[in-house]
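*Asks:* One structure, pasted below without further comment.
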Amino acid sequence: MQPCMRNDSFEAVLQSGAGRHPGKLFCSFDAVNGRVSYGELNQRVERCAAALGKAGLGAGARVAIGLPPSPEFLVHLLAVMQAGGLAVPLGAEQHPEMLALMLSVLDPHLVVKPAGPALTPVSCGPEPHCAWHWHRTAGDAAETVSARLGIFTSGSTSVPRCVLLSESNLLAGATFVAEAHDLAAEDTVLCLMPLSHINGIVTTVLAPLLTGGSVHYLQGSATPRGFQQALEQTAATWFSAAPVHYRLLSYAPVKSQGFPHCRFGRSASAALPIDVQQKFEALYGIPVVQTMGLSECTGQVFANPMPPAERKFGSVGRAVGNIAEIVDANDQVLPSGAVGEIRVKGPNVMLGYLGAQAETAEALRGDWLYTGDLGFRDYNGFFHVTGRKKLIANVGGHKVSLAAVEAAAATLDCVAEAIAVARPDRGLGEIVDLYYTSGAKPRAGDPAVERKRIRQVVSAVLPHHLALRDIRRLEELPRSASGKVLRHRLADCEDGD
């Protein structure tokens with residue numbers, strides 16, 4: 001890794017890069033007008049930050065960025081942070097109902113949209129102030145920390161929460177990504193992730209900025225042909241994608257000469273199935289490094305080692321830059337092999353959730369972030385995630401693991417993916433509905449036969465037969481832009497048969 005000489009702020013990092021190699025490409029979106037050098041990016045960010053300050057949108061201003069992936073998105077993101085405001089990317093692809101919920105939580109002073117003048121506010125809250133400064137105490141020392149970036153959680157639940165991150169959080173997160181993957185100025189990353197997601201921002205904006213590298217953003221849907229062409233044309237040395245991308249990209253032939261310039265692919269945002277990883281690596285000849293992060297931790301927490309070191313398929317890897325532990329319900333640290341909740345501490349842990357004191361207090365206890373993820377650490381220090389603490393159905397007093405239901409269904413050859421959801425029930429308190437897709441796997445022909453087989457295997461992990469209500473086959477599962485399944489929208493999906 002070759003970090004910039006000054007890294008106390010992203011303004012300093014950007015100015016340093018522009019001073020040392022002003023003509024070097026920082027990012028590209030398309031061949032016509034989407035290429036921006038370090039020098040040009042620095043100039044445009046400075047002009048935008050000055051315009052924001054002149055408009056009274058400096059310290060304390062909440063700015064929602066609803067632009068599609070583009071140089072303008074990056075300019076506004078960095079300029080708002082440089083001006084002292086809170087930058088909150090919304091994602092141009094957001095569902096209208098979710099977008100409305102996000103705006104109600106944020107109550108922005110400015111919404112930046114593609115249409116019309118870039119700096120025309122379309123909704124205004126109270127006058128900008130410093131309400132998003134947080135007072136943290138560590139021992140006898142106290143400091144006031146300002147939030148610079150707000151990231152809405154992926155939307156896998158019905159209520160969006162806005163994670164508040166300081167500039168120190170962001171610098172730490174970008175540094176951890178660079179350290180985990182040995183990133184240097186010679187690296188070029190191909191990004192398949194949305195820029196409204198913490199992965200897209202920290203991994204493929206801030207980490208390359210910190211190391212002096214370059215990034216190309218793949219536009220549109222990530223088809224196998226488009227991915228292979230972009231990988232070849234950009235000579236990318238690595239790429240960032242989600243498991244849903246790896247599954248899609250494995251359904252196509254690959255040129256015989258392969259891609260020797262690409263040293264690894266990075267997987268995040270969801271669990272990477274072992275069979276998907278093995279198929280992709282066999283097809284492309286590119287090793288995949290599985291990682292795990294949270295918006296609350298500015299992205300990455302765990303990462304598998306870089307090749308040729310041993311990677312563990314099915315594991316999210318070891319903690320990088322963080323301290324991670326497995327604890328029981330009484331906060332007692334558990335030994336290797338025991339399943340409990342994963343908690344994390346480090347300089348990348350969030351300040352809190354915007355306007356959600358109770359949720360913040362539940363997640364942040366002392367110096368620790370309680371992730372809500374269940375898992376264990378093996379004897380070699382690799383972490384394995386087994387499910388979510390709250391992905392539990394209470395069926396007549398019996399605790400049913402939704403992850404166990406999903407795993408049982410996925411053992412059948414007719415099931416590509418399975419998602420279990422707890423539903424309210426007047427008699428039992430909660431019952432379970434199961435949704436599944438066939439993908440490229442062969443179907444039994446008769447949906448009723450498939451459902452019967454699924455019910456038989458799932459019954460082994462259920463307290464009694466009434467625990468499982470409906471089984472529905474879908475053409476595809478509803479997902480967020482980062483590839484996570486939107487469980488709260490499954491009830492609206494129509495059966496695929």
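The values are calculated or read from the model by the stated rules, or taken from the named source; none is laboratory data. The model shown is predicted, which means the values in this text are computed figures rather than measured ones. Positions of Cβ are backbone-derived with ideal geometry, glycine not excepted, and every protein chain shown enters the neighbour counts. The protein model used for the area step is the full one, side chains on, heavy atoms only, and it has no ligands, DNA or RNA in it. Shrake-Rupley method; radii C 1.70, N 1.55, O 1.52, S 1.80 Å.
*Asks:* Say whether the condition of being surrounded by fewer than 18 Cβ atoms within 10 Å (Cβ to Cβ) and modelled with pLDDT under 90 is met by at least one residue in segment 259-268.
*Replies:* No, the conditions are met nowhere in segment 259-268.
*Asks:* For a quick check of your reading of the model, give me the residue pairs whose first member lies in segment 464-483 and is open to solvent by 70 Å² or more (accessible area, probe 1.4 Å), whose second is in a loop (DSSP other than H, G, I, E, B), with beta-carbon atoms closer than 6 Å and at least 6 apart or on different chains.
*Replies:* GLU475/GLY496
Results for (1) open to solvent by less than 10 Å² (accessible area, probe 1.4 Å); (2) farther than 29 Å from ARG479 by Cβ; (3) touching a Ser or Thr at 6+ places or on another chain (Cβ under 9 Å); (4) modelled with pLDDT of 95 or more, shown as yes or no for each residue.
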{"residue": "LYS113", "(1), (2), (3), (4)": "no, no, yes, no"}
{"residue": "PRO117", "(1), (2), (3), (4)": "no, yes, no, no"}
{"residue": "TRP132", "(1), (2), (3), (4)": "no, yes, yes, no"}
{"residue": "SER156", "(1), (2), (3), (4)": "no, no, yes, no"}
{"residue": "PRO194", "(1), (2), (3), (4)": "no, no, yes, no"}
{"residue": "VAL205", "(1), (2), (3), (4)": "yes, no, no, yes"}
{"residue": "HIS216", "(1), (2), (3), (4)": "no, no, yes, yes"}
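*Asks:* GLY220 is checked against (1) open to solvent by 20 Å² or more (accessible area, probe 1.4 Å); (2) small (Gly, Ala, Ser); (3) within 15 Å of the chain's Cα centre (by Cα) and fails just one. What number does that condition carry?
*Replies:* (3)
*Asks:* Then there is this: In the set LYS441, LYS389, LYS452, LYS399, which member is out of contact with any His (no Cβ under 9 Å at 6 or more places or on another chain), open to solvent by 50 Å² or more (accessible area, probe 1.4 Å) and modelled with pLDDT of 80 or more?
*Replies:* Working: LYS441 fails: modelled with pLDDT of 80 or more; LYS389 fails: modelled with pLDDT of 80 or more; LYS399 fails: modelled with pLDDT of 80 or more.
After ruling out the rest, the residue left standing is LYS452.
*Asks:* If we only count strands (runs of 3 or more DSSP E) wholly inside segment 296-346, which ones have 2 or more residues that are touching a residue at least 24 places away in the same chain (Cβ under 8 Å) and more than 26 Å from ILE392 (Cβ to Cβ)? Outline the logic, then answer.
*Replies:* Numbers: elements: 299-303, 323-327, 340-345.
By residue number, 299-303.
*Asks:* While we're looking at this one, here's another question. Please go through (1) at pLDDT 90 or above; (2) surrounded by fewer than 19 Cβ atoms within 10 Å (Cβ to Cβ); (3) not β-branched (Val, Ile, Thr) for GLU296 and return the number of the only condition it doesn't satisfy.
*Replies:* Just one mismatch for GLU296, condition (2).
*Asks:* Residue by residue through segment 301-320, note down the ones that are modelled with pLDDT of 95 or more and open to solvent by less than 40 Å² (accessible area, probe 1.4 Å).
*Replies:* VAL301, PHE302, ALA303, ASN304, PRO305, MET306, SER315, VAL316, GLY317, ALA319, VAL320 - these are the residues of segment 301-320 that are modelled with pLDDT of 95 or more and open to solvent by less than 40 Å² (accessible area, probe 1.4 Å).
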